[in-house]
């Protein structure tokens, strides 16, 4: 498959290869924009990328930024650029086939979300907006610490979410150790994700469901002499999840990236599945610990959470002891 974009008057040619790497050529110089074939990128229709070229300009990163290989959050993470870093950009994505967001192109070929970038250095010192008022009902909020799946496990949201819950319950497990040594895996996409993780979380993986994570705990117990106890909550109600929060048990839940409507490939596999941790709730909101989007707690409407969670099969599990 070959894409052709417009880089001013210069053609930007992008060729997808099976080596999980995309090479763009700008003025006959190769630029790595490494598309990784995974659940978070392969379903998208790449279409045409239109880019406006300009002389290198200096700007600044407004918040810690994940520099991506394509103009979308699903792209390969090239590196994290800290807030306040001075960066030179050489182009702007005018037409983005991945989403409606706008991106700048860094000198080294990475894509910078425009919301995290400014040419005005003064913006870096502007005061933060006032925190939103606390809800009248504080509900129940568990002090769960996040663990980021990137960069080691770019497609390992399930095993990272389980590791978050296990650490909260007092088991000092490592996400990579759990993935490499205890997570049941199937080498291709023909397996049943209820029982196996399909392919490899470190590279081209897709996903698994709750039973697979329960088996992961069984494997860990057998190898380490522990007696971790768990519950597979799949098929129960949202009220059952909130009851676990009341009992002090954060819950691994299956939703979608950015809580959008679930999508599937023609094969039937989900294309935008994402696994996270439910850590709290009020009458109107839930608190989500998301292993892919940083350490900030995410608060979303209960109605949104419950709708998407149900659409994804009401899948959940937790660690009780």
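Computed from the coordinates by the stated procedures, all read-outs in this text should not be read as laboratory data. All of these numbers come straight from a predicted model, not from anything done at the bench. Glycine gets a Cβ as well: all are built from the backbone with ideal geometry, and neighbour counts include every protein chain shown.
Structure notes:
- With Cα atoms defining each centre, the range 86-118 and the range 163-208 are spaced 32 Å apart in the structure.
- A Förster radius of 25 Å combined with the Cβ-Cβ distance from residue 141 to residue 215 puts the calculated FRET efficiency at roughly 0.25.
- The alpha carbon centroids of the range 300-321 and the range 274-295 are separated by 10 Å.
- Over the range 140-319 - Rg/Rh using Cα atoms and the Kirkwood inverse-distance radius: 0.93
- Residues in the range 194-220 that a label on residue 181 would reach, taking backbone N under 11 Å of a point 7 Å out along Cα→Cβ: 220
- Using a cutoff of 8 angstrom between alpha carbon atoms and counting only pairs six or more residues apart, the relative contact order for the range 140-319 works out to 27 percent.
- Per residue, the average separation of C-alpha pairs within less than 8 Å and at least 6 apart gives the range 147-243 a relative contact order of 23 percent.
- Applying 0.36 nm per residue to the separation of residue 56 and residue 311 and subtracting their alpha-carbon distance, the gain on full extension is 87.2 nm.
- Here the calculated FRET efficiency for residue 88 and residue 226, from their Cβ-Cβ distance with R0 = 45 Å, stands at 0.30, rounded to the nearest 0.05.
- The ranking of 161, 179 by Cβ neighbour count inside 10 Å, starting from the fewest, reads 179, 161.
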